[in-house]
1. Going by a 1.4 Å probe on protein heavy atoms, which residues of the range A:109-123 end up with at least 20 Å² less accessible surface in the whole assembly than in their chain alone?
2. Roll a 1.4 Å probe over the protein heavy atoms and report the accessible area of B:Asp235 in Å², nearest 10.
3. FRET efficiency for B:Arg109 and A:Lys69, Cβ-Cβ distance as r, R0 = 56 Å, nearest 0.05?
4. Within 10 Å of each candidate Cβ there may be at most 16 other Cβ atoms; applying that plus a DSSP loop requirement, which chymotrypsin sites (Phe, Trp or Tyr not before Pro) in the range A:1-90 survive?
5. Give the accessible area for A:Lys16 in Å² (nearest 10); use a 1.4 Å probe, count only protein heavy atoms, and leave out ligands, DNA and RNA.
6. Quick check: the distance between the Cα centres of the range A:1-60 and the range A:233-257, to the nearest angstrom?
7. Chain pair B, A: how much accessible area is buried, both chains summed, with a 1.4 Å probe, in Å² to 100?
8. Summing +1 for each Lys or Arg and -1 for each Asp or Glu, what net charge is found among the other residues whose Cβ lies under 11 Å from the Cβ of A:Arg313?
Amino acid sequence: MREMLADDPFWLIALKVQFVFTFLMITTLLMIWFERRVVGRMQHRPGPNRVGPFGILQSLADGLKLAFKEDIRPVLADKWVYILAPMVSAIPAFVAFSVVPMGGPVTIFGEQTLLQITDLDVGVLVVLAASSIGIYGVVLAGWSSGSPYPLLGGMRSAAQMISYEIALGLSIVAVILYAGSLSTLDIVLAQGEQWWFAFLLFPSFAVFCVSMVGETNRAPFDLPEAESELVGGFHTEYSSLKFALFFLAEYVNIVTVSAMATTLFLGGWQPPWPLSQVEMFNTGWWTFLWFLSKTVVVLFVFVWLRGTLPRMRYDQFMRLGWKVLVPISLVWIVLVSGARVLRNAEVTTPQILVVGGVLLGALVLLAVLLPDRSAPEEVEGVATAGSDYPLPPLDLTVPPVPRRRSALGGDGQRRPVEVTAGSPDTADTGPDTASNKERDNGTS
Amino acid sequence: MSSLAALLAQAPADPSGAVGAGEAIAFWILGPVALAGGLAMVIARNAVHSALWLVLTMLCLGAMYIAQRAPFLGFVQIIVYTGAVMMLFLFVLMLVGRDSSDSVVEVLRRQRFVAMLVGLGFAALLVSALARSLTQVTPAGIAPSNVGPGGNPGSIGRALYTDYVYAFELTAVLLIVATVGAMVLGYSERNRDRPTQREMVEARIRGQQGRPSPLPGPGVFATGNSVATPALLPDGSVAPESVSEIIESITRDKLRDEVRSGQEVEPDFGARALHRPEPPTGSDQEVSPDREAGR
């Protein structure tokens, strides 16, 4: 199938590049509108509904407004890096989309081709490389702005990127093992022959989903721009078109990782199961429809996450990355490789069962033989500890409430509760008397 | 240009190994840029600028690998070196601070002289190796190794896990040992005997840290809300620790004196401030500014 791409004439490549660029720009506009509408619906409010039908032109109007704003550069900013950062952020976001297979074989102006700009042997790595360059934009923006909040945002972004790029890369490994190739096209084709990798390699899919949200700085992982702590994070000092570039880069990145999730795990442009039996749905422009609808579903999940989850604390976020996602991925890769080796070695099922049983038995034996960790002894009797404070019990169980007399009197009327402690009326001197007099004078 | 486009569109590899037009164009653009990046990295005063120039050089090298039909190496160069290693560098540089530039003071004696000698030796080594490779070695080309199953990454993987598996494993072990060593050195002292949150709570309740509750805020139980107004305890006496030393040291000193001399303030729930002036002797309409402020 690659031969269809290889003999693309130059005009067709230019057309595809132009199409991808336009597609990403329009998707960004629509995604912003979609996000605001959906989050609005989740929060029981209408969302933008003034500009155009259903407010669909709202983000276009916002974009135009942004372009006409004053472009400010702080005095302390590092001039060239400050200008460079938004471009570094935006350009790789577009580059990454060049290897995404958007559709199967189609005919454009009599030329048989695939809906994909190019297909490399190392296609998946292109996306990783582009995202790792794109983070430079965020980090440099934070550094060059010359003020503390952006710097904090930039540093968070650097740490976040290093951590989550590893988890992202590891989650792809199992897919590559099963597809036998790094090429995105081959991965999509492999999912046509067997199950979608989201079902076959579910742990990889889960790790990929979590780390792709971390990689794109989206809620609940939007720590580099956490507006409740860092004003705007790395883009605090940016305005006008430079800010718009950051905004664009963020949304293009979201679309790109959604498309990658679709490609790697959700079957790419292959139709979903019952439809895949019909020959017509597997060919032509239908494939673009499947790709697009799956991508929109993943985009919706992004919005859903934002509407649902609160932002994580920074240390929780790092712990999740290093102590949960990376170990899970490593163990899973070992399991997948083991399964592949077993299949290649042509061992019989009884052999697998026997060896697995022996291993399991050894593990159980080990677990039984290992001494338990000694539990820390409970310290008793620290209730008052020599101080006069009435202390709550340490285990925080509420003691039973003693039975009280009914607040209702004999006549069934509720009496006002008498205040006995320290009523100020009895004091003759003192400021309260004076204030009462004042009040009386004021009202009379 | 057509050759470049063909390269992008996966033209079959040229088996002869000769430099094509597209590759030549790519080289003559990327080469000077990479060289300029290297020079600027040395010259730049600001550490972050140096790092950025180095990133530029690495990106150019990665692009050259790709142009020479070693796409796996090229992208790994971009991901690992520019993406991870240089990002770590930048992270450390940001921690150091924004305005820290290189100092020109020579810390080690004769450092420049030795550095110059080593540099010259290294340059001689490089030039001789290059000259030899240009004159005596016939280029084999990368094309033969790109045609196997899996293409370029496939053949790299095969070489790495068959012929060079020991070197590969040893490198992995070395890196892991280095990482573990760094973590042991960096964290061994800090994490020792660090009380958990639960332990701290229990210690506080046992009375090992002074008082179990936080300090009372100013104005608690009092009718005024100025920070200079001390808090009143439930029995009406003032709480001296409720007034910050920084904000109103005079009030606090006065309080301390009062507490020390034993003249406790009587339980008085009408008290709104420590400093209570005499009741006004004039008519009731006159409100003294003191009282107005104390409310």
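1. Output list: A:Thr118, A:Asp119, A:Leu120, A:Asp121, A:Val122.
2. Approximately 80 Å² for this residue.
3. E between B:Arg109 and A:Lys69, to the nearest 0.05, is 0.50.
4. The qualifying sites are A:Phe68.
5. Rounded to the nearest 10, the figure is 20 Å².
6. About 16 Å separates the Cα centre of the range A:1-60 from the one of the range A:233-257.
7. Its buried surface, counting both partners, is about 4200 Å².
8. Value of the local net charge: 0.
The values are calculated or read from the model by the stated rules, or taken from the named source; none is laboratory data. Model, not experiment: these values are computed from the prediction. Because the Cβ atoms are built from the backbone with ideal geometry, glycine has one as well, and the counts that use them run over all protein chains shown. Protein only, heavy atoms only, side chains kept; ligands, DNA and RNA dropped before computing areas. Shrake-Rupley method; radii C 1.70, N 1.55, O 1.52, S 1.80 Å.
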